[in-house]
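Encoded as structure tokens, the structure appears first; notes follow it.
The values are calculated or read from the model by the stated rules, or taken from the named source; none is laboratory data. These numbers come from a predicted model, not from an experiment. Here the Cβ positions follow ideal geometry from the backbone for every residue, glycine too, while neighbour counts run over all protein chains shown.
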Amino acid sequence: MRKDGQQAMGELWLRLIAEENENATEEQIGYWRQRPERAPLLLVVTCCHNSEKMGKVPLIEQKMSVGAACHNILNGALAIGYAAQWLTEWSCYHDKIKEQLDHAPDVKILGLIYIGIADEPSKERKRTSPEDVISEWPGQAMQ
Ligand SMILES: Cc1cc2nc3c(=O)[nH]c(=O)nc-3n(C[C@H](O)[C@H](O)[C@H](O)COP(=O)(O)O)c2cc1C
């Protein structure tokens, strides 16, 4: 999506937020109306499970492959000097969004990837240290 698609998506998000959250404030509604327009390019990345062609490939592997594609898109965009961010928020899981984009009900939207030129450097945050999440299995004798 570029400008036109993003604007139409913002209108849809606005409508859904207003309809489904009776306490939504004007500020929140305005926020979602603008949100798809945060970057010049918005990619909607989907996983279309094709059981006929891909019957032997477990669905989890198909989804992971789409995730890997998303990651490559991020790296590719960053490598050529753009900023990119992968978000799901609520809209990736909302059936009305899929419907509006003409996707069949079994299609999964796995990511919205925003790509543009950064206004400012992204902020760092505290990271989990590798030692906390990586372990080595030293092997053990079979029982
Ligand atoms: C599949 C996926 C979904 C994400 N969805 C959201 C989201 O809905 N909202 C959000 O604030 N961040 C989300 N993120 C995280 C942002 O992309 C995050 O800002 C980005 O990964 C920056 O990485 P860092 O926080 O490790 O620096 C998501 C990341 C992934 C991989």
Q. Among the residues of segment 43-70, how many are among the polar types (S, T, N, Q), under 17 Å from the mean Cα position of the chain (by Cα) and either outside the structural domain of L87 (by TED's automatic domain parsing) or over 22 Å from M1 (Cβ atoms) (or both)?
A. 2
Q.
Test of understanding: among N21, N75, which residue is at negative phi, modelled with pLDDT under 95 and polar (S, T, N, Q)?
A. N21
Q.
Against the condition more than 23 Å from H49 (Cα to Cα) and among the small types (G, A, S), how does A77 come out, does it pass?
A. yes
Q | Whichever residue in segment 30-42 is under 16 Å from the mean Cα position of the chain (by Cα) and in a helix (DSSP H, G or I) and, among such residues, is nearest to I17 (Cα to Cα) | A | W32
Q) Can you tell me which residues in segment 103-135 are touching a residue at least 40 places away in the same chain (Cβ under 8 Å) and more than 13 Å from R38 (Cβ to Cβ)? A) H103, A104, D106, V107, K108, I109, L110, G111
Q. Which ones in segment 47-89 are of a type in the set (V, I, T), surrounded by fewer than 15 Cβ atoms within 10 Å (Cβ to Cβ) and either touching a residue at least 24 places away in the same chain (Cβ under 8 Å) or not in a helix (DSSP H, G or I) (or both)?
A. V57, I80, T88
Q: Give the residues of segment 96-115 that are more than 14 Å from the ligand (Cβ to nearest atom) and either part of a strand (DSSP E or B) or not small (G, A, S) (or both), sorted by residue number.
A: K96, K98, E99, Q100, L101, D102, H103, P105, D106, V107
